[in-house]
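Inspection log for the structure reproduced underneath, given as structure tokens.
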Amino acid sequence: MSRDVQGFYCHFDTEIFNRKFIKQDILHDFSFLEFTGNPLVTINDATKVHVLNILTRLEFEYNNNSKVNLDIISINLLALLPEVKQFSKKEKITENAAFRITQQYKSKLPRYIYEV
């Protein structure tokens, strides 16, 4: 990030989505979360109201409970991601075998880091 950027930085363990009511591959719908995606998303003022409500709810849950309810966190993140997705820019990348292997490695690396 840089000093002139305004907004929110969102980082979470994808294991939060391994809940009983969430499909396993949900994050594949959001290219801006992938290592090769463009993570900077600018939203309009109308959407900003919805996004700020969700972020406020997430902040409340995180700060005001001794035991964070991961169901509430994951559901609110799932409400947030489609709001942001409509403003994301899909990167055009030429895929080949080397790219796919590298992408799989990068996708699995954070999971390994959290396990260690």
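Worth pointing out:
- Note on the stretch 70-107: residues that are surrounded by fewer than 11 Cβ atoms within 10 Å (Cβ to Cβ) and more than 18 Å from the chain's Cα centre (by Cα) total 8.
- Residues of the stretch 42-77 that turn out to be at pLDDT 85 or above, of a type in the set (Val, Ile, Thr) and either in a loop (DSSP other than H, G, I, E, B) or farther than 21 Å from Val5 by Cα (or both), as a count: 5
The values are calculated or read from the model by the stated rules, or taken from the named source; none is laboratory data. Just so you know, these numbers come straight off a predicted model, no measurement behind them. Note that we place each Cβ from the backbone using ideal geometry, even for glycine, and neighbour counts take in every protein chain shown.
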